[in-house]
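Below: the structure, in structure tokens.
The values are calculated or read from the model by the stated rules, or taken from the named source; none is laboratory data. Note that the structure is predicted; figures quoted are calculated from it, not measured. Glycine also receives a Cβ, built like all others from the backbone with ideal geometry; neighbour counts cover every protein chain displayed.
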Amino acid sequence: MPLLRAALRRFLSTESSGVPKLRNLPYRLRRAAVPAARTAVSDYLISTRYLPSSHADSIAGLAPRSILDFLAGIPAVPSTLPSSDLPSLLRRHLSFHPLNELPFFLESIGLPPSTDSKLMFLNDYPSLLPAVAVLAHFGFPWSRLGLLFPNVLLQVPPDLISARLVALEERLRPLLRAAIIAACLAFPSLIENDLSTSAPLVDDLRRAYGGLDPDLGASNDIDMFLRVCRRMQMFYDAGVKIGSIGGLVGCNQRVFLELKEELIGERLRFFKSLGLAEEAGRFVLSNPGVFDLDFDDVVISVPEYLRRVGLLDDEVDAAVKLHPFVVGRNRLKNLPGVLRAMGLNHRFLEKISGGGESLRYLSPDFVLEDASYDLEVERAFLDRMIKVKVEKNSQLVDAKLEFLKSIGYGENKIATHVIPVLHSTQEMLRERFDYLLERGVEYTMLCRIVSVFPKVLNQGKEMLSENESAMIKSKNVWLNQIFKPPTCVAEGVLNH
């Protein structure tokens, strides 16, 4: 009902766009038309598809957009029509205009209410309704079945679905069905394949669920179990081996039950970018305190920060001399880009690899203990940024600066000379930068290339691919430009 009310409000709003206005209905009938249409569609599915009333009601009741599209498609209704005659009018319309059932069904299971298929009836997919019946009988929420479409609903025979669910329930006994349903929704492979091929995952699930607080483990809350499974998948995607994470769930319940997925994803990407690769997931679970650190708003100053962390003065000085664009202020969340640009990420990892106390280098308190920075660098940056923002759109300038800082550039004069040359959005610049990395350009080299030839990121992927051979042929020219003394790098930017 909340979904239906929200959809109806959008239809009645004069400001809504892309949604039928129901101008074919008298205003006084529009509110009554929605429940009448739900009943008519449900009755239609029962009488033509012989669906159980519970299934028909789910399809009609969980497809508000399709209901409204259906109403918008009926001929104009006379303004004198009594509201009591509306149900019979809708039934009569369905008698002569067969319903396109697939959009209703897809929307009801949580998918967009559209299909590219030329088929329109549920019976056009012989195994669909029997598969849905098996899952619904087991206890799967109707509105979540979209997570199993199409691989399970259309490709696994209903009797095989039933057999695999019984086998899984037996393997995970004495867990409640809510836990099993959540596991299948998060990992459809449990139904798609024989259980023998999913043994490591099943073992992880048993230990993960078993490690939860007894009150939680006895919960019948599918959403709670699904939350655990979705976060397990995030760690699998980050490189944690399937079969090795179950024991870590119990001592990290806050991570798997309370933290937002966005925060977990950000931390995993941060440590993967530092160079931990497949070890990133296990590292953050072994050091859950990293989720309490603020990476977004903490400002560091390069190279001062790296010296305070304990990197040798000589190696920091040499890296800065070769990569002067990293100097200046940046945010802690961009530290992986700074370190990769300087080729020092492996040295930083040595400092924090033990976890525990060594993670103080990432804490705001450590950074704020010494807020020293190069005043000359900052003054040159601010003076030049004023001029750049006068000439260019201020918002676009800030977005391009954020991109440069994300790949390792600091707030310095070099960055202000690169910004006006870049003519794409922040997202497109990042996409092209990543594309060149995927094509094999080394990270530190690419950052230096951008310093001298910023226009390379103004080209689309197709152009970059076409020019790849030419770039290789002119590699020596690029290197000669890039290996000029640091004072010439900004001059190179000014000339391009």
Residue among ARG439, ARG448 that is surrounded by fewer than 21 Cβ atoms within 10 Å (Cβ to Cβ) and not hydroxyl-bearing (Ser, Thr, Tyr): ARG439
Flag for VAL240 being among the β-branched types (Val, Ile, Thr), touching a residue at least 40 places away in the same chain (Cβ under 8 Å), assigned to a helix (DSSP H, G or I) and under 30 Å from HIS346 (Cα atoms): no
Options PRO112, PRO103, PRO157, PRO150: the member that is surrounded by fewer than 18 Cβ atoms within 10 Å (Cβ to Cβ) and either over 30 Å from ALA208 (Cβ atoms) or of a type in the set (Val, Ile, Thr) (or both): PRO112
Top-ranked residue of the range 393-413 - restricted to ones that are farther than 24 Å from TYR305 by Cα and out of contact with any helix residue (DSSP H, G or I) (no Cβ under 6 Å at 6 or more places or on another chain), ranked as surrounded by the most Cβ atoms within 10 Å (Cβ to Cβ): LEU396
Selected residue [assigned by TED's automatic domain parsing to the domain that holds GLY247 and within 30 Å of the chain's Cα centre (by Cα)] from ALA199, ALA163: ALA199
Residue check for VAL326: surrounded by fewer than 22 Cβ atoms within 10 Å (Cβ to Cβ) and in contact (Cβ under 8 Å) with a residue 24 or more places away in the chain: no
Test: residue in the range 332-352 that is free of Cβ contacts under 8 Å to residues at least 60 places away in the same chain and surrounded by fewer than 18 Cβ atoms within 10 Å (Cβ to Cβ): yes
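Residue-by-condition table, conditions (1) at pLDDT below 90; (2) under 25 Å from ALA163 (Cα atoms); (3) among the hydrophobic types (A, V, I, L, M, F, W, C):
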position: CYS184; (1), (2), (3): no, yes, yes
position: GLU192; (1), (2), (3): no, yes, no
position: SER198; (1), (2), (3): no, yes, no
position: LEU212; (1), (2), (3): yes, no, yes
position: GLN233; (1), (2), (3): no, yes, no
position: LYS241; (1), (2), (3): no, no, no
Residue in the range 72-92 that is among the β-branched types (Val, Ile, Thr) and assigned by TED's automatic domain parsing to the domain that holds ILE161 present: no
